[in-house]
1. Using 11 Å as the cut-off for backbone N distance, which residues of region 1-20 belong to the label zone defined by a point 7 Å from the Cα of Ala34 along Cα→Cβ?
2. What ranking do 16-22, 6-12 get when scored by the average of other Cβ atoms within 10 Å per residue, highest first?
3. Obtain the nm distance between the two label points defined at Ala45 and Glu12 by a simple spin-label model: each point lies 7 Å from its Cα along the Cα-to-C-beta direction.
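Values in this text are rule-based calculations from the coordinates and carry no lab data. Because the structure is predicted, anything quoted here is derived from the model rather than measured. Methodologically, a virtual Cβ is constructed for each residue, glycine included, from the backbone with ideal geometry; neighbour enumeration extends over all protein chains shown.
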Amino acid sequence: MAELGLITYQTEYDPQIGCNISDDIHLHAGTVLALDVSGRGCCAARRSRGRMGKSAAQKSRIWSRWRWTN
């Protein structure tokens with residue numbers, strides 16, 4: 001999907017697992033159109049992910065670096 005310009009991301013080396021992981025992931029509007037996801041579905045996913053990220057960050061005391069873009 002990155003080759004099609006539907007998603008962009010950075011990678012970051014994680015020494016704990018010994019490999020690169022995707023970080024700072026941005027989904028573009030074309031991604032939503034290609035997957036035929038409704039606007040309502042996107043909003044619900046953002047809210048759900050935000051709650052998950054907050055609870056996980058609170059448990060592990062690590063800041064979640066996910067960002068969602070339109």
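1. Under cut-off, by backbone N: 1-8.
2. On the way: 16-22: 9.3, 6-12: 13.3.
Descending packing order for the listed peptides: 6-12, 16-22.
3. That separation, rounded to one decimal, is 2.2 nm.
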